[in-house]
1. Only one residue in 223, 206 is in contact with a Phe, Trp or Tyr (Cβ under 6 Å, 6 or more places away or on another chain), of a type in the set (A, V, I, L, M, F, W, C) and either within 21 Å of residue 107 (Cβ to Cβ) or not assigned by TED's automatic domain parsing to the domain that holds residue 105 (or both), so which one is that?
2. Kindly indicate whether any position in the range 195-212 is farther than 22 Å from residue 28 by Cα, in contact with a Lys or Arg (Cβ under 8 Å, 6 or more places away or on another chain) and of a type in the set (A, V, I, L, M, F, W, C).
3. Considering each residue of the range 128-178, count those that are surrounded by fewer than 20 Cβ atoms within 10 Å (Cβ to Cβ) and part of a loop (DSSP other than H, G, I, E, B), and give that number.
4. Kindly establish whether residue 157 is in the same structural domain as residue 57 (by TED's automatic domain parsing), touching a residue at least 24 places away in the same chain (Cβ under 8 Å) and not basic (Lys, Arg).
5. Name the residues in the range 52-76 that are among the aromatic types (Phe, Trp, Tyr) and either modelled with pLDDT of 95 or more or surrounded by fewer than 17 Cβ atoms within 10 Å (Cβ to Cβ) (or both), would you?
6. Just one of 79, 25, 86 is assigned to a strand (DSSP E or B), at pLDDT below 85 and under 16 Å from the mean Cα position of the chain (by Cα); which is it?
7. So which residues in the range 101-127 are of a type outside the set (A, V, I, L, M), surrounded by fewer than 18 Cβ atoms within 10 Å (Cβ to Cβ) and touching a Ser or Thr at 6+ places or on another chain (Cβ under 9 Å), if there are any at all?
8. Restricting attention to the range 89-113, which residues are without any contact (Cβ under 8 Å) to a residue 40 or more places away in the chain and under 18 Å from residue 151 (Cα atoms)?
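The values are calculated or read from the model by the stated rules, or taken from the named source; none is laboratory data. What you see is a predicted model; the values in this text were computed from it and never measured. Note that we place each Cβ from the backbone using ideal geometry, even for glycine, and neighbour counts take in every protein chain shown.
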Amino acid sequence: MIRFLAIVLISQSICAVGQSSQLARYQTKFENDVVAVYGVNLQAHASVPAFQSARDTFWVALTDSSLSFTRQQGKTDIRWQAGDTRFFPSFETNVLSNRGTAEFRGVMIALKPRSLISGACGCAENTARAICGCKGATHLEPLWALSLGEVTLAGTSLAAGESFRAAALRDDMLLVAVTDLDLTDLGSQDSESGERPVLHLKSGDAAWIPGGRHQFKNLDSAAVRFVTFEF
């Protein structure tokens, strides 16, 4: 009888793991010595342990969603729109739950160096309130920017054929696509071919762009959105 119960419990555990892997999935999108980027798909009403919780993390929503983060000091409920971005300090999140009726798709960016954001979060204006999770925060605007410690974040929306007004000197940056996008960089060109680089990304993909002069232009026939993290 004891042996039978053990077999049943093992079978149930295997089944639960299988169901969990179907309901939630982390997928590596990009990694270097500064960041590790993961795509997250979470079915309606499903939960998953917070991956890489030992590091400071940013979350970028790709879909409208209602989520719950179980944290050290309790539970935080968030209503997200696509493009919303949120910062969580290391060791602060344990479980992510989808409270909505549709699949959640998002991107998690784990910062490898320590103390890049240490003590930098504040609640002075709406962009900071939204990203730092302050009381009274609303959704982020289509265009926004915020410096947190040694990281500068920016959310950008470009209409079809639209570009930045001028080239600007930028630090090394991670670019996360909120929508599918095709971008060219009017501020740089390939040293061998002389052609301007073109970036093709699907929603949730990420690319590392070396520092230099950059002026992005949308090559798509529809508006595109992306979030950048400069280091």
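1. Working: 223 fails: in contact with a Phe, Trp or Tyr (Cβ under 6 Å, 6 or more places away or on another chain).
Testing whether each residue is in contact with a Phe, Trp or Tyr (Cβ under 6 Å, 6 or more places away or on another chain), of a type in the set (A, V, I, L, M, F, W, C) and either within 21 Å of residue 107 (Cβ to Cβ) or not assigned by TED's automatic domain parsing to the domain that holds residue 105 (or both) leaves just 206.
2. No - not one qualifying residue is present in the range 195-212.
3. 22
4. no
5. 58, 59
6. Details: 79 fails: at pLDDT below 85; 86 fails: at pLDDT below 85.
Of the residues listed, the single one that is assigned to a strand (DSSP E or B), at pLDDT below 85 and under 16 Å from the mean Cα position of the chain (by Cα) is 25.
7. 101, 103, 105, 114, 126
8. Scanning the range 89-113 gives 89, 90.
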